[in-house]
Structures are given as C-alpha cells and as structure tokens.
Amino acid sequence: MDVEGEVPAAAAEAVANGLGGGAEPSPAPVSADQLDVEAYAAQYSGRTRLSRLLFIAERCGVEAVELEALRMAYDEIRRGEDTMFHRDVAQKINGRLGARYGFDQAWADSVNRRAEQRKEKLESELNGYRTNLIKESIRMGYNDIGDFFYAHGHLSDAFKSYIRTRDYCTTSKHIVQMCMNVILVSIELGQFPHVSNYVSKAEQTPDNLDPIIVAKLKAAAGLAYLATKKYKLAARKFVETGHELGNNYSEVIAPQDVAVYGALCALASFDRSDLKSKVIDNNNFRNFLELVPEVRELVNDFYSSRYGSCLEHLEKLKPNLLLDIHLHDHVETLYMDIRHKAIIQYTLPFISVDLNTMATAFMTSVCMLEKELAALIRENKIQARIDSHNKILYARHADQRNTTFQRVLQTGNEFERDVKSLLLRANLIKHDFNQRAGQRKM
C-alpha cells in the first residue's frame, strides 16, 4: 500500500536524537540559570517532555541547568521503552553525573528483546485481521502497531501506521482519532504541513466534536502557523483555543504556552482594535493569560502605550523564550515586529517628537532610534521626516485643505452625472421612448 505524506528519514532521526520539534501560574525567569527545570518539565508529558529537556540542555549554556535537564531526561527515559533516546542522553551526560547515569546495556537489551517479541505478536495479529477482512480489527491493529513504534521512538514508522488506519475508519470518531494521532507524530517530526492538513480533516467531520478535541485542534493549528511564520493566523488560533484544553494536551503544549505564543503573535500582528477585542476583552483567552502574569502585564502595557514597561517585560521573558522548542526561532522576529509597532503607535498622535525623550521611553540611544525611524520611514510605515541636527521627528500630515477641495470636486462631479442620468430617464419616459419585449412565437 502506498502511504501519502512520507516523512524524511533525516527528520525522524533528528527527533529521535532529541532535536525535533489545572495549571498553576508560572512567572518567567529573568535568566537561564534561574530556570526551574523541574517545574517547567512538570507541565508536559510523553516525548515532548524529553525533547524539551534535551533542548534546554543544549541551549541553556549553564552547566548546572544542563545537567539537571539531562538527569531528569535520563530518569524519564528509564520509565519508557526508547533505547535510542537512552543511549543519546547517556552520551550527552558523558559520566558527569556518576556511574548511575551511564548507558545501561543490560536494560537496553532487555527492552529490545521484549520489543521484538511484542512487534512479532502485533504483526501476527494484524495479518490475521487482514485475512478475515474485519475492518474494525484491522484499524485497531494498525493503531496498536503505531502506538508501539511511537513508544520506541520510531516516529516515521508510527506515522505510516497511523495513516494506514484511514482506509478502515467507519465513524467520525475513528477519523478524529486517526487525525489526532497523525497530528501528534507530525508535530514531533516537525512536519507542520501534515499538521494543518489533518487539523482540517478532523474539523470537517460531520459530527459535533468534543470541546477538548476542538481546543486541541486549535492549539495544533496555531503551532503549524507559528512554524511557518504566519503570525496573525497563529494568533487567531491560539486566542480561539478553548479553556477546556487545560492540561489535556500536555503531550504537545501547556496552557502557559498558549498564553505566551498567542500574546506575542497578537502583539506582532494585530492592530489595536483586534488586540482589544480578541485578546484583552476575550474572557476565554484571559484564563490563559492569568497563568503567566508577565505576559498579561506586557499586553496591557502595550495597549496602554506604556512601552518602556512593555519592553522591560519582554526582555525579562527573552531568556526563557529562547529555550522554548517551538518559539526560539521566532523570538527575534516577533520582538522586532512588536518594537516597530510600538514605535509607530508612539509617533502617531504627535506633530513633532523629541528623539531624546523617545529614546528614553524605548530604552535605546538616540543614534540607534534614528536608524530605526529611518528604516520605518523608508518602508513607508511612518509618514515623517527627521531633523537630525535638533533631534526632532516631524510628522508629515496630509494637506487637509487640498484634500477637502478634491473631495468636494469629486462629489460635485458625481452629483452632475447622477442628475444628467435622471433627466435622460425622465425624457425617455415622457416621450414614450422605450422598447417593449416582443411576444413569443408558439
């Protein structure tokens, strides 16, 4: 059978090596060495916990944090069945945590033996189901094999097995289950086009979906849009994610992540009216924002034009965000977009702005601020000119007098055209100059 959406072997290998893709408030740390790894990891479950711990170990740059993350990853792996992950983590530890945290060959051999026996049993059962042509049993057989491969870190094989269940789905519930399994593996493989595709398939099922499933699909779609740098679409999906999500999707995303991803994407892409209606006044999304007080405050500061405080909160969040497996590649772009929007909004109400005062508000030098303003003027995002000698920004307002005259002339022309049309119609009616439809010939 041909399987659509094959995943590259390199992607599967990268993820296998840890390189892939009722909560409490969790204030963000101000630096990497203050990160509470245990509290952070407790928000997640399954392979995403391991992937995030390894990502922190590789990126944090602080040996104490690195070793703590590797220790937790090692202990978590020993409770599972992924021997490849176990080998990789043991190599990264490299004896720095003592002999207890080395590669356990006996454990790995034992797990692999049991895995081989389990695999033979599952394949034998599936062959029997296929011989008897029992669709439901075949579907469950492929699901069981997919779960087996997923537990042992063979994500590409798990993806193929889950995909094959599609031909044997007989109800909407089966289709949704298939889609959720494919979405989970695709996220870990970093195959986000598949995520968007199967989110759409699940949403198009005729039956009403459970609110928790709907919330999971919104969050997964948001991650897919974030990965492809479609920040406005990502923001919409995250702010639409229902509070039912809670900790029910911890194998992919935590509710704190929904707050952080949604807020940053919204600040970078929404205008003021959307920010007010879809984020600040959104009672549903407010439940997520309450979990991360710093994010809630920076959103309110941005909307209230307290840009200095907003940028300060962003700088405090930055070390933590750079250790996030999904957000790290987008932090600089999002921060730059948010900063540019803040600069534009700061200049809008004024005819002239003192650059020294503005530089203080944005925590930068006048020289750097001039360069930022010049770039925004060149991109036609700010209608202004810079007096570099006196350090003043002058707004270029449209000539209201000329604009008014042009509008009056346009209105007069439109009125004259309408009057002539009315007079012509009146004369045609007066002289009975009209064309009657001919009678049909039978």
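The values are calculated or read from the model by the stated rules, or taken from the named source; none is laboratory data. Worth saying up front: this structure is predicted, and the values here are computed from it rather than measured. Glycine gets a Cβ as well: all are built from the backbone with ideal geometry, and neighbour counts include every protein chain shown. Side chains are part of the model used for accessible areas, which takes the heavy atoms of the whole protein and leaves out ligands, DNA and RNA. Shrake-Rupley method; radii C 1.70, N 1.55, O 1.52, S 1.80 Å.
The accessible surface of region 214-347, taken with every protein chain in place and a 1.4 Å probe, is 47 percent carbon and sulfur. For region 385-433, the Kirkwood estimate of the hydrodynamic radius, built from every pair of different alpha carbons, is 14.8 Å. Rolling a 1.4 angstrom probe over the protein heavy atoms with all chains in place gives the chain an accessible area of 53 Å² per residue. For the chain, the equivalent ellipsoid derived from the Cα gyration tensor has semi-axes of 52, 38, 16 Å, listed largest first.
Computed over the chain, the per-residue total of -39500 (n - 2.57) for DSSP H runs of n ≥ 4 gives a 222 nm mean residue ellipticity of -20500 deg cm²/dmol, rounded to 500. Between S309 and Q383, the contour length at 0.36 nm per residue exceeds the alpha carbon distance by 24.1 nm.
Applying the Karplus relation 6.51 cos²θ - 1.76 cosθ + 1.60 with θ = phi - 60° to region 117-128 yields 3J(HN,Hα) values of 5, 5, 4, 4, 5, 5, 5, 5, 4, 5, 4, x Hz, where x marks Gly and Pro. Placing pseudo-labels 7 Å out from each Cα toward the beta carbon at R272 and N112 gives an inter-label distance of 6.4 nm. Placing pseudo-labels 7 Å out from each Cα toward the beta carbon at R396 and A375 gives an inter-label distance of 2.0 nm. Two numbers describe the Cα atoms of region 118-207: Rg and Dmax, which are 13.1, 37 Å. I want to verify the translational diffusion coefficient of region 215-336 in µm²/s; compute it with Stokes-Einstein, Rh as the Kirkwood radius over Cα pairs, at 20 °C and 1.002 mPa s. Here the translational diffusion coefficient equals 153 µm²/s. Distance from the alpha carbon centroid of region 250-291 to that of region 83-101 works out to 38 angstrom. Taking amide H as placed 1.01 Å from N in the peptide plane, A384 has its amide H under 5 Å from the amide H of R396, each at least 5 places away in sequence or on another chain. Using every pair of distinct Cα positions in region 350-395, the Kirkwood expression returns a hydrodynamic radius of 10.4 angstrom.
Normalised by the number of residues in region 215-336, the mean separation of alpha-carbon contacts (under 8 Å, six or more apart) gives a relative contact order of 22 percent.
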